[in-house]
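S.K.: The structure under discussion is supplied below as structure tokens; questions concerning it will follow.
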Amino acid sequence: MANLGLNVLFADDEAHIRTVMENELPLMGHTVTVCPDGLTAIEILKEKDFDVLILDLDMPGASGLEVLKAAHEMASDADAIILTGKGSEEAAVHSFREGIWNYLNKPCRLEVIEQNLADIAQKREMTQKLRAMTSRLERAEGKQKLVGESDAMKRVHLLIDKIAPTDSTVVILGETGTGKELAAREIHAKSRRAQKPFVAVNCGALPENLIESELFGHKKGSFTGADSHRVGLLEVADNGTLFLDEIGELPKGVQAKLLRFLENGEVRKIGENSSRVCDVRVICATLRNVEEMVALGDFRQDLWFRINTFEIQLPPLRERLEDLPDLLVHLANRYKKGEKFSSVGQVFTPEAFSLLSRYSWPGNVRQLANVTEHALILSDHFPMGTGVLPHQVQAEAGQEPPLRRAPEPPRAGGGRPSPILDEDAEELMAFDSGKTLRDIENEAIVSALRRNGGNKAKAAEELGISLKTLYNKLNQLQETAKKSD
């Protein structure tokens, strides 16, 4: 077991226990300060910072929980372990509500203390890495945020402001690239947990046999390949927020375990019999139709009811093109260091902006960010013209002026026509074959699925798109079919 040394404050009124800890903790690789009562512990906390507090629940002068409360008032981020010789369920529940790491009954074996300290060390190291990565990203790209003042985005911001101060679970719905993780981060930033970890997990990007270990952790030797003890991301997110992107990809077995966690807060590692309680707010996101998955038996209905306490729907970019100028300015300022654009006219020529306004944006804001970065790399002057836009934007948008009204640049106090294709516009877009672009795309998807026996992963590979994009296209196809019915 790798040792990551911690600075530990140990407080207990029993002299022989203090002696044992004073001798044994340094052998585990930790630095320890011992004290005989709660008041002494509080005085020491005023002078020194600690990573971990190991506190006897019942001590002269001040109890372990009173010491912990004093530590919180001093803005200490130390993790706390409570020891007690006369434990009760009520005391344990109260302790966990105070944000402790674990609650252990005396007599407590040294190996249990050692394992708890090892877990805390690993968790703190992972938390520091997450914060460092976030800091580097913000320095490189600027702080990312949801941009937009359209009516649709105003509703989103209003919902975020309403739900953020609570601890309710949230489901964020929307197509790929609409900013679901940004919405989750904004909820976290406006919550009481803002100074605690924000941990994002893409459930669709993790192998099915590893996702339980990633979330809940595992004990060394619990399965083939478990060469070391691992702290799960739920423990890393303790007192903070866990964002589960693509929740629809979660395996059924892990769905059951996640439901148990949401009901009682208990985290049990793979291969362990004991568990610990974590205080984590869970935010989920998906582009899939989970209610349909529930009906098909692919997603647990009780879990869906449990996580869907509050729902936020993010609009696709094509439905809020009035936000396009603000988004382009924000993205240009984010990618072009040293420049400071204040209007879209400083970034793109009217001709280029007209093409961008007529494009359908299947990848939404994420695709817009890529297109903006692409243009900035190619361009050596501003405003940028149509020549620096990717081929697919020029090819699609360039065909459309005779067929679909191009939105004008935003006017004060006014909106612009929506570029969403209605039935008449689709007829106008017909090729000589009489088929629309959407018809051709849908036929290609259906044919690929048939050739691959309904295997979506193989079909997506054949089509040259991601599996998530394929699901998105299928959902759009289903919605179109429902409307036609």
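No lab work stands behind these numbers, since they all come straight from the coordinates. As the structure is a computational prediction, the values presented were derived from the model and not from experiment. So basically every Cβ, Gly included, is an ideal-geometry build from the backbone, and we count neighbours across all protein chains shown.
S.K.: Highest first, please rank the peptides 228-237, 361-370 by the mean number of other Cβ atoms sitting within 10 Å of their residues.
M.R.: Packing proxy ranking, top to bottom: 228-237, 361-370.
S.K.: Given that compact globular proteins tend to follow 2.2 N^0.38 Å, what is the ratio of the alpha-carbon Rg of the range 267-407 to that value?
M.R.: This ratio for the range 267-407 stands at 1.50.
S.K.: Quick check: pseudo-label points 7 Å beyond the Cα along Cα→Cβ at S222 and V294, how many nm apart are they?
M.R.: It is 2.9 nm.
S.K.: Work out the charge dipole of the chain with +1 on the Cβ of Lys and Arg and -1 on the Cβ of Asp and Glu about the Cα centre, then indicate which of F50, P165, A132 is farthest towards its positive end.
M.R.: Positive-most Cα among the choices belongs to A132.
S.K.: Please give the peptides 77-86, 193-202 ranked by average Cβ packing (other Cβ atoms within 10 Å per residue), highest first, as a rough proxy for protection.
M.R.: 77-86, 193-202
S.K.: Which Rg and Dmax, in Å, describe the Cα atoms of the range 207-329?
M.R.: Final numbers for Rg and Dmax: 17.4, 56 Å.
S.K.: Which residue, chosen from V365, T33, N209, occupies the Cα position most advanced towards the positive end of the dipole of the chain, where the dipole is computed from +1 (Lys, Arg) and -1 (Asp, Glu) charges on Cβ about the Cα centre?
M.R.: Farthest along the dipole direction, towards plus: V365.
S.K.: Once each part is reduced to its C-alpha centroid, what is the distance from the range 454-473 to the range 243-280 in angstrom?
M.R.: A separation of 29 Å, based on Cα centres.
S.K.: R0 = 51 Å: FRET efficiency of E479 with E272, Cβ-based, nearest 0.05?
M.R.: Efficiency for this residue pair is about 0.70.
S.K.: Continuing with the same structure: Quick one: dipole size for the chain, taken about the Cα centre, charges +1 on Lys/Arg Cβ and -1 on Asp/Glu Cβ, in debye to the nearest 20.
M.R.: Value, rounded to 20: 660 debye.
S.K.: For the range 7-122, please report how many Lys pairs fall under 24 Å Cα to Cα, leaving out neighbours fewer than 8 apart on the same chain. Before the final figure, lay out each step's value.
M.R.: Values: K46/K69; K48/K69; K69/K86; K69/K106; K86/K106.
Number of lysine pairs found: 5.
S.K.: For q values of 0.06, 0.10, 0.11, 0.12 Å⁻¹, compute log₁₀ I(q)/I(0) with the Debye formula on a Cα-only model of the chain, without solvent.
M.R.: Those come out to -0.37, -0.88, -1.00, -1.11, one per q.
S.K.: Grab the beta carbon distance between R366 and A256, set R0 = 25 Å, and tell me the FRET efficiency rounded to 0.05.
M.R.: According to the calculation, E is roughly 0.20.
S.K.: Report, in cubic angstrom per residue, the convex hull volume of the C-alpha atoms of the range 220-287.
M.R.: In the range 220-287, the Cα convex hull volume per residue is 100 Å³.
S.K.: Give the dimensionless ratio obtained when the Cα radius of gyration of the range 7-122 is divided by 2.2 N^0.38 Å.
M.R.: 0.95
S.K.: For N105 and E396, calculate 0.36 nm times their separation in residues minus their Cα-Cα distance, and state this gained length in nm to one decimal. Write out the running numbers ahead of the final one.
M.R.: On the way: separation 291, 0.36 × 291 = 104.76 nm, distance 6.77 nm.
Contour length minus Cα-Cα distance gives 98.0 nm.
S.K.: Another one. Would you mind checking which residues have amide H under 5 Å from S275's amide H? H placed 1.01 Å from N; only 5 or more apart, or other chain.
M.R.: For S275, whose amide H was placed from the backbone, there are no distant partners under 5 Å.
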